[in-house]
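Read-outs throughout are calculated quantities, based only on the coordinates presented, and are distinct from any laboratory measurement. Since we're looking at a predicted model, the values are computed, not measured. Please note: Cβ atoms are built from the backbone with ideal geometry, for glycine as well, and neighbour counts cover all protein chains shown.
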Ligand SMILES: [Zn+2]
Ligand SMILES: [Zn+2]
């Protein structure tokens, strides 16, 4: 198989930088979605827009087989003010593609062009460009809008660039790979009063302090040490004056887990501890629990398949068949609950090199060198999936 022409890739470097200059927040990716739709249409895809808000699907049917693959990229940016000073830095104050979704979109478009214009296969290719990965749950929005009933996929795949891994290294992992993310807002309602007469009050501030300490035992005492989990109390608000016992206290809690049963257990224990502790202080606890993204669990079959395709491709920076788990979250997890598939990483650069700055940082810089690796891999994965490598030349 030929490596994508340098001229071809340059087209997508330019496109990536154009998207980078015009970042759009979750569910506001109108310009980006329009650009994606325009390109896909130009190359002969059947394009459907407005799925789950600003989502786009480009479908290419070839031959007679109904075997179908879904490849997903995300399109949204972050509310971060860019500090790179690069010529193609964000032209919008306070908005930045600081997670490289501009790169994911350009990478999938590069493969889209090549698969449509230069390759043959027998099957149905679904390219899924989703909105709102950054906390907005765009994957769920597209699914609730019938994504997989309108565009059935036998298997699905998605990639994310990853600083800290060598530029162009392909990193896979079977099983739990990224964490669930849940949130709780806790209101402790006591009885306020004079700071010099505490016996006439029920102090929610003391209850909150005790709860913060008690919650430290959830991970250490209730969760199997082999399954990572985090309970963080990120905010505690109560009181204003040194001689007044407040009537209320507020806690903001963030929970992560890398295993669905650990996730469930953490939720049960956090709620039980809060209620029991509050009661012991004569204080009432109200808990607003918000379930965020699910644990991302890669399916073994598709992961082994994708890894084998990567090993055949033999990228210069290598392939890692079973990389580390991450405590970050990703809404492709919801898609993987419905359809078997694999979410993998493409190294963005490591050490002091280009692309090593972590995502969600104002100095983050997507490494354009990995566009060709990603496009090449998407192409090979698709052709191998349809079991057609007849165009392979060398
Ligand atoms: Zn991100
Ligand atoms: Zn991201």
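See the values below:
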item	result
47, 57 arranged by Cβ crowding within 10 Å, fewest neighbours leading	47, 57
Convex hull (Cα only) mean projected area of the stretch 180-291, reported in nm² to one decimal	6.5
Length added when fully stretched, residue 117-residue 191, from 0.36 nm per residue minus Cα-Cα	19.5 nm
FRET efficiency, residue 67 to residue 230 (Cβ-Cβ, R0 51 Å, nearest 0.05)	0.80
Residue-span extension gain [residue 284 to residue 254] - 0.36 nm each, minus C-alpha spacing	8.7 nm
Residue 30-residue 300 pseudo-label distance in nm [points 7 Å out on the Cα-to-Cβ vector]	4.8
Pair residue 312, residue 83: separation of 7 Å Cα→Cβ label points (nm)	4.5
Inter-probe distance in nm under a simple model that places probes 7 Å from Cα toward Cβ, at residue 92 and residue 10	2.9
Calculated FRET value between residue 276 and residue 337, using beta carbons and R₀ = 30 Å, to 0.05	0.40
Sum of -39500 (n - 2.57) over DSSP H runs of 4+, divided by residues of the chain (222 nm, nearest 500)	-10000 deg cm²/dmol
Modelled FRET efficiency - R0 56 Å, residue 41 with residue 200, Cβ distances, 0.05 increments	0.20
Cα gyration tensor shape of the stretch 1-94, rounded if a/c is under 1.5, else prolate or oblate by comparing a/b with b/c	oblate
19, 273 arranged by Cβ crowding within 10 Å, fewest neighbours leading	273, 19
Ellipsoid semi-axes in whole angstrom, largest first, where each is sqrt(5λ) of the Cα gyration tensor of the stretch 170-241	38, 13, 8
Kirkwood Rh (inverse of mean 1/r, distinct Cα pairs), the stretch 313-383, angstrom	14.4
Residues 20, 299, 97, sorted so that the one with the fewest Cβ neighbours within 10 Å comes first	299, 20, 97
Length released on extending from residue 369 to residue 18, taking residue separation times 0.36 nm less the Cα-Cα span	124.7 nm
Choice from 205, 127, 115 with maximal GNM fluctuation in the chain (Cα, 10 Å cutoff)	205
Spherically averaged projected area of the chain from its Cα convex hull (nm²)	21.2
Ratio Rg/Rh, restricted to the stretch 56-148 and using Cα atoms, in which Rh is the Kirkwood radius	1.07
